[in-house]
Amino acid sequence: MKTTKKIGLLMMSVILSLGYASAQHTLSLKGNVIKPSDRHIQYVGRISFKNPERPTWNYPGTQIITAFKGTRAQLLCKPGSGYFMAQIDNAEPFKVAFRGDRDSVVTLCTALPDACHTIRLMYAIEGYEMHPEFWGLVVDGPVCEPPALPARTIEFIGNSITCGYGNEATEAGDHFQYETENHYFSYAQLAARALDARAHIVARSGIGAYRDYNGPKTGTPNTCMPVQYEYTGYATDIKLRQQPGFEAEKWDFSRFQPDVVCINLGTNDLSTNNYDVKLLRQGYQRLLRLVRQHNSKAKIIFLCGSMLNGKELDIARKTLDEIVENAHKDGDAEVYRFDFTPHNGSLKYGADWHPSLWQHQMMGAELTSYLRSLMQWF
């Protein structure tokens, strides 16, 4: 039996014994504590390091990567931080949870071969209600040099589709639950892994280019993506603003300069019959100016998501075509368009008619093929 299979079986036994890896305060914390500020930890995503020992974030897809020599590891987070996907070496990834009021410790692996192992963690959900914090890792040996991060870089700007809303649900009639949202299996991360690229995610459910879901026809100018894009996290989140000492943290764009930016918006703007196409066009143009201002060398791709159909799909495609055409006229030749195949139920639905895991797989394959050709990433 291969080592990776052995590791997978060992981790599965841990999951079963801990009740799907829920945190247990009875676990021993004896060992080497790897603090969040340790240089051996690699981070991917828009993360606030105002407190370097309590880094926090909002967006799905945030990654924490490190390596250690030993046989076991535990993850420390603020209680209620939510769900992560964890992977040890090349074994199958598995989900771990911080949901209880006192849950702060999760065992990731135990009884591994005494060797150097890589730990990869990805935040699987949207954190605008959870306000997750990473508190470190406890291992039974010394840290090792983590693997180098991929050189290729992608930024995904999007809504619930990019987040992976309800992709683990089994019926279209199911409603949103954090338990069934898994960004790890979203089209964005599937494409990033297939292309060996590092991805930053700026996405939240319900957000639009000018009008969030079911917002007024005049738009939601204080919460739409052109506002959120400039901040490290959800700068307009009401609960966040109510916290003592809150100050919206502007994102430092020098920390991440993507090779390509994929923008997948418009579904919420057009999802209820109360929209203004002219204002939608202006929202797209405003966002394009911001993205280009902060990413002068990136290729920018406007994606048309898979949930629209009929009249609204035609409007979205026509409007995006106009945005790209005008950008080219204005001298920006590195703005592009790509359409996902609209879903029709043949690949089933996730919660609230969102893409299923199978639909995300198809979307990921479609985008991978397009990006491979556009970026010459072979």
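The values are calculated or read from the model by the stated rules, or taken from the named source; none is laboratory data. Here the structure is a predicted model, which means the values were calculated and not measured. Please note: Cβ atoms are built from the backbone with ideal geometry, for glycine as well, and neighbour counts cover all protein chains shown. Side chains included, ligands, DNA and RNA excluded: accessible areas come from the protein's heavy atoms. Shrake-Rupley method; radii C 1.70, N 1.55, O 1.52, S 1.80 Å.
Restricted to the range 250-265, and to residues there that are assigned to a loop (DSSP other than H, G, I, E, B) and touching a Gly at 6+ places or on another chain (Cβ under 9 Å), the residue that is nearest to Leu149 (Cα to Cα) is Phe256. When every residue of the range 129-148 is checked against the conditions, none turns out to be within 23 Å of His343 (Cα to Cα) and at pLDDT 95 or above.
Restricting to the range 170-185, count the residues that are open to solvent by 10 Å² or more (accessible area, probe 1.4 Å) and either in contact with a Phe, Trp or Tyr (Cβ under 7 Å, 6 or more places away or on another chain) or among the small types (Gly, Ala, Ser) (or both). I'd like the intermediate steps shown before the answer.
Initially, the range 170-185 is screened for residues open to solvent by 10 Å² or more (accessible area, probe 1.4 Å), giving 170-180, 184-185.
Keeping just the survivors that are either in contact with a Phe, Trp or Tyr (Cβ under 7 Å, 6 or more places away or on another chain) or among the small types (Gly, Ala, Ser) (or both) gives 172-173, 176, 178.
So the answer is 4.
A Cβ distance below 6 Å, combined with a sequence gap of six or more or placement on separate chains, defines the contacts here; from the range 299-326, residues that are under 14 Å from Ala209 (Cα atoms) and among the aromatic types (Phe, Trp, Tyr) reach residues that are assigned to a helix (DSSP H, G or I) and open to solvent by less than 20 Å² (accessible area, probe 1.4 Å) in the pairs Phe302/Leu320. Filtered by the rule that a residue be within 22 Å of Glu129 (Cα to Cα), polar (S, T, N, Q) and at pLDDT 50 or above, the range 13-65 gives Ser48, Asn51, Thr56, Asn58, Thr62, Gln63.
Going by the conditions given, is Glu168 touching a residue at least 40 places away in the same chain (Cβ under 8 Å), farther than 18 Å from His360 by Cα and more than 11 Å from the chain's Cα centre (by Cα)? In short, no.
Per-residue answers, yes or no, for (1) in contact with a His (Cβ under 6 Å, 6 or more places away or on another chain); (2) assigned to a loop (DSSP other than H, G, I, E, B); (3) modelled with pLDDT of 95 or more:
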{"residue": "Lys217", "(1), (2), (3)": "no, yes, yes"}
{"residue": "Pro226", "(1), (2), (3)": "no, no, yes"}
{"residue": "Tyr234", "(1), (2), (3)": "no, yes, no"}
{"residue": "Ala248", "(1), (2), (3)": "no, yes, no"}
